[in-house]
Amino acid sequence: FINVSMAEVNAEDHPGAFPWANGKVTLIYGSGAYRKSNVCLAAIPSAQIENKASLRYFAGMDPSNQPTWSALESEAAYLFIQPQIGEFSVAWIPQVQRWLMLYNAGDPRGITMRTAQTPWGPWSAGQVILPIWDGFYGVMAHVPWGTETERFDGFHDAGRQNEWGGEYGPYIIPRFTTGDANACKIYYTLSTWNPYQFVLMSSE
């Protein structure tokens, strides 16, 4: 749990799912070694957020299809297999009644989306919502001079004309979401590396 994304839920909204029957629960989604690990999930009563001993790690589903929790981080279960997670974010999107996760990884490149009906999943297959060559490289992120053409684009940080840009940091801003279950537009931030900028993105 090095890179994390957090969200708060009411235990009462998920009867029997948490070790605590009521109250606010903070969900902590976490990945380990940078771009070399999967995503796991932990939970803690919000009132005990400063007490690490109260953390419980999602350890998989029991035979009755209820989530199980462990006090041991080593027993945390992978939410899905994608051992290249970089920056990521998770948020509840009420318009579609789904948890939404965005992340960047090495394969496939771009920004990938997954959804789930419950915080622990099952999570959908990944869908690339920002392909790297569909209006990103050469438009928002730099292509090194001499890679595709002599000068594919004209923007880069000073002295970095031969360094690739990059896509990372897709942090969801759930309160900006518009639409409904049939057509929903999400908004999220994105970093471009070269030029080193933060941009506001939307995907429908």
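The values are calculated or read from the model by the stated rules, or taken from the named source; none is laboratory data. Because the structure is a prediction, the values reported are computed rather than measured. We place every Cβ from the backbone using ideal geometry, glycine too, and count neighbours over all the protein chains shown. Protein only, heavy atoms only, side chains kept; ligands, DNA and RNA dropped before computing areas. Shrake-Rupley method; radii C 1.70, N 1.55, O 1.52, S 1.80 Å.
Scanning the stretch 1-18 for residues that are within 15 Å of the chain's Cα centre (by Cα) and more than 18 Å from Pro83 (Cα to Cα) yields Met6, Ala7.
Residues that are more than 27 Å from Gln84 (Cα to Cα) and free of Cβ contacts under 8 Å to residues at least 40 places away in the same chain within the stretch 182-201 comprise Asn182, Ala183, listed in sequence order. The lone criterion from (1) closer than 30 Å to Ala21 by Cα; (2) in contact with a Gly (Cβ under 7 Å, 6 or more places away or on another chain) left unmet by Pro67 is number (2). Among the residues of the stretch 138-151, those that are open to solvent by 90 Å² or more (accessible area, probe 1.4 Å) and either in contact (Cβ under 8 Å) with a residue 12 or more places away in the chain or among the acidic types (Asp, Glu) (or both) comprise Val139, Glu148, Glu150. Of all residue pairs spaced 6 or more apart or on separate chains, those with beta-carbon atoms under 6 Å, a first member in the stretch 161-181 that is aromatic (Phe, Trp, Tyr) and a second member that is not in a loop (DSSP other than H, G, I, E, B) are Tyr168/Asn104; Tyr168/Ser191; Tyr171/Ser89; Tyr171/Tyr188; Tyr171/Thr189; Phe176/Tyr187.
The set of residues from the stretch 8-18 being open to solvent by less than 40 Å² (accessible area, probe 1.4 Å) and either touching a helix residue (DSSP H, G or I) at 6+ places or on another chain (Cβ under 9 Å) or in a helix (DSSP H, G or I) (or both) comprises Ala11, Ala17, Phe18. On the stretch given as the stretch 19-46, residues that are among the aromatic types (Phe, Trp, Tyr), within 22 Å of the chain's Cα centre (by Cα) and surrounded by 16 or more Cβ atoms within 10 Å (Cβ to Cβ) total 1.
Each residue in the stretch 54-76 was checked for being at negative phi, more than 23 Å from the chain's Cα centre (by Cα) and without any contact (Cβ under 8 Å) to a residue 12 or more places away in the chain, and 4 of them qualify. Remark: pairs (first residue in the stretch 1-21, within 26 Å of Tyr103 (Cα to Cα) and of a type in the set (Phe, Trp, Tyr); second residue open to solvent by less than 70 Å² (accessible area, probe 1.4 Å) and in a loop (DSSP other than H, G, I, E, B); Cβ separation under 9 Å; 6+ apart in sequence or on different chains) = Phe1/Gly32; Phe1/Leu55; Phe1/Ala76. All of (1) surrounded by 14 or more Cβ atoms within 10 Å (Cβ to Cβ); (2) more than 23 Å from Gly30 (Cβ to Cβ) hold for Thr178 with one exception: (1). Filtered by the rule that a residue be hydrophobic (A, V, I, L, M, F, W, C), part of a loop (DSSP other than H, G, I, E, B) and open to solvent by less than 70 Å² (accessible area, probe 1.4 Å), the stretch 181-204 gives a lone residue, Ala183.
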